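Only one structure is covered here, and it is reproduced in the block below.
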Amino acid sequence: MPDPFLDPLPWLILLPLAWGALAFVAGPGRGGGLALVGLTGQLGLALVLAVQVVESGARSHAVGGWGAPLGIDLLADGLAVAMLLLTQVVALPQAVYARAYFAQGAGQFWPLAGFLLAALNALFLSADLFNIYVTLELVSLAAVGLVALGGKPGQVAAALRYLLVSLTTSGAYLMGVALIYGVYGTVSLATLAPLVTHQPPLAVWLAVGLMGLGLLAKTALFPFHFWLPPAHGGAAAPVSALLSALVVKASFYLLLRLALGPFVSLAAEAALLLGMLGAVAILWGSWQALRTVHIKMLVAWSTVAQLGYLFLAFPLLAADGLALQAGVMQALAHGLAKAAMFAAAGVLMLATGRDTLAGLAGAAGRVPLTLFAFALAGITLMGLPPSGGFLAKWLLIDAALHQGQVGWVVVVIGGGLLAAGYVFRVLRQAFLHGPPEAPIQPVHPVSRSMEWATFLLAAASVLLGLRGVELVALLERGMP
Amino acid sequence: MTPGLIFALAGVGLFVLGLGGVILLAQSLRRILAFNLMGSGVFLVLVGLAQRDGNPDPVPQAMVLTGIVVAVAATALALALARQFGDREDA
């Protein structure tokens, strides 16, 4: 890259920061149009970066011309670019959706959304442990603000609990960073990789344990999932979509990056445990989704279950690249599908004026496009072809069979059946005829742009399965 | 035992106290204070472990400064939320 000013890396962080700050200056509820322009630019930048990385391999950028160790290096390899693409692809339709959803007043949604996206993009581009800590905290602070946005007592309580969990887990992570720096004198991922041996000092084991536990709790892996359903299920629909699609994926991305990068030899020790916790998460999350009476809680518990699939990849990582592709594909497919599902749940709640499954009767006639989108997203969660979820689960099963670990195959297929169970709970109820129940909240007219944005996300999650080859080409860039 | 190691061990002690507080205490304000104790513990470990041959290392000090800024912002947000939550409970 001859001219650092034209490099897309820093602009992916600066652009959302700029429109977020401008939206804040413009005042509550304003800035939606600006966000759309900014997000379109970000999507363009992410695509340019993807082409650059596929053509010429992983790239780094020294921020402000000051390289590491004095300054901060940004690093874009295939894995980072895949997550960046997911973030911008989810955020743009969500912004269209949110503009219509918040017709009554967005409060501080746009500034917080801008800061959240800037923090996420910075996190995906981080190349050292300490920068990762700072971006993790920025993501948490913006996300907590978004959860509390409505100001309802339940939302404030969920936000406070979410914040305390975030701060505690970030504290554990930072303690790990402090110990690593104390032992090795560096926090750069690239410099650490050759230093960490198979038999490191006790302090390094402790550090990896603390960092791992902190990130696992942020990813809401069973049994650390307790904070997720109230926070994701209670927030406004566009907020839930951003949190479930992107924010929990950020800490998963870091776990994957650390387990493949500097701590590869230590991560192998915990891989089996992570896989087993993932399996329990799939069963427990699905079971709760089958029992709950609220639409959004159903979608939130489904997130707990789908996050479990991400961790099935860990015990299979060591042997070949299949499991990594499966994990990333699942992260992308679930991100798109869950954004669509929360958006659809928001439309259904506006159209029926109720937040329970029982209140959905007759919704099929009123918002058919949204229901179609919900079903498409459900196809991805169940893992039916040709969706991205199908490809992810297929790759997982393939990897498990190659390594003779048949137990994981049973979990993957069983989880798909359970997902079908809770998706059809919603669809069945929506197609019931009979008198619609009296709305509890006022019924709002649903704008077409909300329905189309929802449909677009759901369709993308299904069509993603057809673009697996490109994803593999991208992931092979710059990964060990 | 070098002074740096004493700082680091004290930091670990503070961290564990704070962590216990965040998990075990019920009141929001106490939990927020406990989180700050955790943070201070981490900062002590960072500064204490990084004294190589008696010469202080500037990199972790810059990290601690950044960490303090993050902790102040997080504490402010937590206090604002706790107050909003408390107001609702009183009303």
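Whether any residue in segment A:323-345 is of a type in the set (F, W, Y), under 14 Å from the mean Cα position of the chain (by Cα), buried (at least 22 other Cβ atoms within 10 Å of the Cβ) and within 25 Å of A:Y97 (Cα to Cα) is what I want to check. Before the answer, list the steps.
Going through segment A:323-345, the residues of a type in the set (F, W, Y) turn out to be A:342.
Those still in the list that are under 14 Å from the mean Cα position of the chain (by Cα) too: A:342.
Restricting the remaining residues to those that are buried (at least 22 other Cβ atoms within 10 Å of the Cβ) gives A:342.
In the following step, the residues that additionally are within 25 Å of A:Y97 (Cα to Cα) were identified as A:342.
There is at least one residue in segment A:323-345 that is of a type in the set (F, W, Y), under 14 Å from the mean Cα position of the chain (by Cα), buried (at least 22 other Cβ atoms within 10 Å of the Cβ) and within 25 Å of A:Y97 (Cα to Cα).
With respect to A:G378, is the statement that it is part of a loop (DSSP other than H, G, I, E, B) and without any contact (Cβ under 8 Å) to a residue 60 or more places away in the chain true?
Considered against the rule, which asks whether it is part of a loop (DSSP other than H, G, I, E, B) and without any contact (Cβ under 8 Å) to a residue 60 or more places away in the chain, A:G378 comes out as no.
Do you know which residues across segment A:210-238 are under 21 Å from A:A339 (Cα atoms) and in a loop (DSSP other than H, G, I, E, B)?
Result: A:T219, A:A220, A:L221, A:A235, A:A236.
Looking only at residues that are more than 16 Å from A:S244 (Cβ to Cβ) and at the interface with chain B (Cβ under 7 Å from one of its Cβ atoms) in segment A:146-162, which one is farthest from the chain's Cα centre (by Cα)?
Taking the candidates together, the pick is A:P153.
Could you check segment B:33-58 and list, in sequence order, the residues that are assigned to a helix (DSSP H, G or I) and either of a type in the set (F, W, Y) or at the interface with chain A (Cβ under 7 Å from one of its Cβ atoms) (or both)?
B:F35, B:M38, B:G39, B:V42, B:F43, B:V45, B:L46, B:L49
Could you tell me whether any residue of segment B:30-47 is loosely packed, with under 14 Cβ neighbours inside 10 Å, more than 22 Å from A:V187 (Cβ to Cβ) and not β-branched (V, I, T)?
yes
When you go through B:F85, B:F15 one by one, which is the residue that is at pLDDT 95 or above and either part of a helix (DSSP H, G or I) or of a type outside the set (D, E, K, R) (or both)?
The unique qualifying residue is B:F15.
Of all residues in segment B:16-66, which are small (G, A, S) and in contact with a Gly (Cβ under 7 Å, 6 or more places away or on another chain)? Steps first, please.
Filtering segment B:16-66 for residues small (G, A, S) gives B:18, B:20-21, B:26, B:28, B:34, B:39-41, B:48, B:50, B:54, B:62.
Of everything in segment B:16-66, those that are small (G, A, S) and in contact with a Gly (Cβ under 7 Å, 6 or more places away or on another chain) turn out to be B:G18, B:A34, B:G39, B:G41, B:G48, B:A50.
Condition check ((1) touching a residue at least 12 places away in the same chain (Cβ under 8 Å); (2) touching a Lys or Arg at 6+ places or on another chain (Cβ under 9 Å); (3) among the small types (G, A, S)) across all residues:
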position	(1), (2), (3)
A:G335	yes, yes, yes
A:K338	yes, no, no
A:M341	yes, no, no
A:G359	yes, no, yes
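Can you name the residue in segment A:34-47 that is touching a residue at least 12 places away in the same chain (Cβ under 8 Å) and loosely packed, with under 15 Cβ neighbours inside 10 Å and is also nearest to A:G107 (Cα to Cα) among such residues?
A:V37
For segment A:99-121, enumerate the residues that are among the hydroxyl-bearing types (S, T, Y) and outside any helix (DSSP H, G or I). Break it down into steps so the answer makes sense when it comes.
Going residue by residue through segment A:99-121, those that are among the hydroxyl-bearing types (S, T, Y) are A:101.
If the condition is that a residue be among the hydroxyl-bearing types (S, T, Y) and outside any helix (DSSP H, G or I), then no residue fits.
Hey, can you tell me all the residues within segment A:163-187 that are of a type in the set (S, T, N, Q), more than 7 Å from chain B (Cβ to nearest Cβ) and assigned to a helix (DSSP H, G or I)?
We begin by selecting, within segment A:163-187, every residue of a type in the set (S, T, N, Q); these are A:166, A:168-170, A:186.
Now restrict to residues that are more than 7 Å from chain B (Cβ to nearest Cβ): A:166, A:169-170, A:186.
Residues satisfying the conditions are A:S166, A:T169, A:S170.
In segment B:1-28, what residues are more than 8 Å from chain A (Cβ to nearest Cβ) and within 14 Å of A:T168 (Cα to Cα)?
Passing the criteria: B:L14, B:V16, B:L17, B:G20, B:G21, B:L24, B:L25.
Before we move on, is A:V81 in a helix (DSSP H, G or I), within 14 Å of chain B (Cβ to nearest Cβ) and of a type in the set (V, I, T)?
Values: in a helix (DSSP H, G or I): yes; within 14 Å of chain B (Cβ to nearest Cβ): no; of a type in the set (V, I, T): yes.
No, not satisfied.
So, in segment B:67-82, of the ones that are at the interface with chain A (Cβ under 10 Å from one of its Cβ atoms) and out of contact with any helix residue (DSSP H, G or I) (no Cβ under 7 Å at 6 or more places or on another chain), which residue ends up farthest from A:A148 (Cα to Cα)?
Step by step, filter segment B:67-82, then rank; the result is B:V69.
Does A:L138 satisfy being modelled with pLDDT of 95 or more and either touching a Ser or Thr at 6+ places or on another chain (Cβ under 8 Å) or more than 11 Å from chain B (Cβ to nearest Cβ) (or both)?
no
Tell me whether segment A:200-221 contains one or more residues that are at the interface with chain B (Cβ under 10 Å from one of its Cβ atoms) and of a type outside the set (G, A, S).
Yes - at least one qualifying residue is present in segment A:200-221.
Restricting the search to segment A:1-31, which residues are crowded, with 20+ Cβ neighbours inside 10 Å, among the small types (G, A, S) and more than 21 Å from the chain's Cα centre (by Cα)?
Once the filter is applied, which keeps residues that are crowded, with 20+ Cβ neighbours inside 10 Å, among the small types (G, A, S) and more than 21 Å from the chain's Cα centre (by Cα), segment A:1-31 yields A:A23, A:G31.
The values are calculated or read from the model by the stated rules, or taken from the named source; none is laboratory data. Only a predicted model underlies this, so the values are computations on that prediction, with no experimental measurement involved. Quick reminder, even Gly has a Cβ in these numbers, built from the backbone with ideal geometry, and neighbours come from all protein chains shown.
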